[in-house]
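Okay, structure first, notes after.
The values are calculated or read from the model by the stated rules, or taken from the named source; none is laboratory data. What you are looking at is a predicted structure, and each value in this text was computed from that prediction instead of being measured. Methodologically, a virtual Cβ is constructed for each residue, glycine included, from the backbone with ideal geometry; neighbour enumeration extends over all protein chains shown.
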Amino acid sequence: MKIHQLSMFLENKPGRLSEPCKALADAGINILTLSLADTQQFGILRLIVRDWEQAKQVLEKAGSVVNVTEVVATEVEDRPGGLASILEIIDAAGINIEYMYAFTFRSEDRAVLVFRFDDPDAAVKVLQAKSINVIGPVELYGRAKA
């Protein structure tokens, strides 16, 4: 139930974010969600697409160094304390969250979050044991428009 995420360093200068986005657009690859974290010198672009292998090839051909990581997407109740309840489960299991970001799709009264855990397999087991819906690639991509 893990999802492949592409990550790359971008120089923190005007136009650097548009380069990989344009390369993917020209190849007909839609970005389902992304996160951009920055420092003064560079940024880290993280993104999820349906066909990560093709996207990786496109980005590398355009000159980017691309890293593939496994992330876990979960549903969370869209209410005060929804995220806190999931974090409580993760904390109790002693699993570290390296980073997380919100997924842009919504499902009824639930939001979707993307987590990068230090041990994604253990996180999936713990979350599923507590009846948290861990969303696999098929379900996640199915929520996105084609």
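Some points to look at:
- Residue selected from the range 59-88 under the condition crowded, with 18+ Cβ neighbours inside 10 Å and closer than 23 Å to GLY142 by Cα, by the criterion farthest from the chain's Cα centre (by Cα): VAL76
- The range 1-21, subset aliphatic (A, V, I, L, M) and touching a helix residue (DSSP H, G or I) at 6+ places or on another chain (Cβ under 9 Å), residue nearest to PHE42 (Cα to Cα): LEU10
- Matching option when the condition is touching a His at 6+ places or on another chain (Cβ under 8 Å), over 18 Å from LYS130 (Cβ atoms) and at pLDDT 90 or above, among GLU70, GLU19: GLU70
- Residue among GLN54, GLN40, GLN5 that is at pLDDT 90 or above and surrounded by fewer than 16 Cβ atoms within 10 Å (Cβ to Cβ): GLN54
- Considering ASP78, ASP51, ASP26, the condition of being closer than 30 Å to ALA129 by Cα and outside the structural domain of MET100 (by TED's automatic domain parsing) is satisfied by ASP51 alone.
Each row is one residue, and each column tells you yes or no for (1) touching a strand residue (DSSP E or B) at 6+ places or on another chain (Cβ under 6 Å); (2) free of Cβ contacts under 8 Å to residues at least 60 places away in the same chain.
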| position | (1), (2) |
| --- | --- |
| ILE44 | yes, yes |
| SER64 | yes, yes |
| ALA73 | yes, no |
| LYS130 | no, yes |
| ASN133 | yes, yes |
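- Across the range 56-84, the qualifying residues are those that are of a type in the set (Val, Ile, Thr) and assigned to a strand (DSSP E or B), and the one among them that is farthest from ASP119 (Cα to Cα) is VAL76.
- The residues of the range 93-146 that are at pLDDT 80 or above, more than 15 Å from the chain's Cα centre (by Cα) and hydroxyl-bearing (Ser, Thr, Tyr) amount to a single one, SER131.
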